[in-house]
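Have a look at the structure below before the remarks.
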Amino acid sequence: MAAENGTPGAGRRLAVLGAGVMGSGIAAPSVGHGIAVSPIDPDRRRLDEVPAKIDHQVRMARLMGALPDEAVPGALVTAEGCRPCGLLLELVRAGHLGRGSGRGFYEYEGERA
């Protein structure tokens with residue numbers, strides 16, 4: 001789905017849990033493809049480092065030809081703009097907490113964590 005500016009991810013939003021190596025590795029190509037990304041991490045230092053990391057990764061991807069030069073990057077936005085997933089909230093309220101309870105998005109058989 002391309003927006004009016006031709007960038008495939010324009011108008012989409014993504015919350016990434018964790019702002020370390022893996023989180024910024026997920027966020028960078030998303031931003032590069034026009035998706036607005038909200039990194040979420042309890043470590044304020046990591047959150048402060050994310051913009052520079054992502055900018056560097058997006059520039060490197062463009063230099064290597066992995067991202068088109070004309071793609072309009074997505075924004076990094078604060079987590080305050082994120083809403084919890086409705087289905088996840090329903091499961092938690094019902095006590096379906098994943099492996100520990102035997103149910104969650106899946107039903108688990110056998111030994112519980």
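Quick one: residue 102 ticks every box in (1) within 19 Å of the chain's Cα centre (by Cα); (2) surrounded by 13 or more Cβ atoms within 10 Å (Cβ to Cβ) bar one, so which box is it?
The number of the failed condition is (1).
So which residues in the stretch 28-57 are in contact with a strand residue (DSSP E or B) (Cβ under 9 Å, 6 or more places away or on another chain), assigned to a loop (DSSP other than H, G, I, E, B) and more than 15 Å from residue 75 (Cβ to Cβ)?
Matches in the stretch 28-57: 41 only.
So which pairs qualify, if the first residue must be in the stretch 85-97 and at negative phi, the second must be surrounded by 10 or more Cβ atoms within 10 Å (Cβ to Cβ), the Cβ gap must be under 7 Å, and the two must be at least 6 apart or on different chains?
Correct list of pairs: 91/104; 96/103; 96/104; 97/104.
Could you tell me whether the stretch 64-80 includes any residue that is within 15 Å of the chain's Cα centre (by Cα), surrounded by fewer than 13 Cβ atoms within 10 Å (Cβ to Cβ), acidic (Asp, Glu) and at pLDDT below 85?
yes
The values are calculated or read from the model by the stated rules, or taken from the named source; none is laboratory data. Bear in mind that the values here come from a model prediction, so they are computed numbers and not experimental data. Ideal geometry is used to build each Cβ from the backbone, glycine not excepted, and the neighbour counts take in all protein chains shown.
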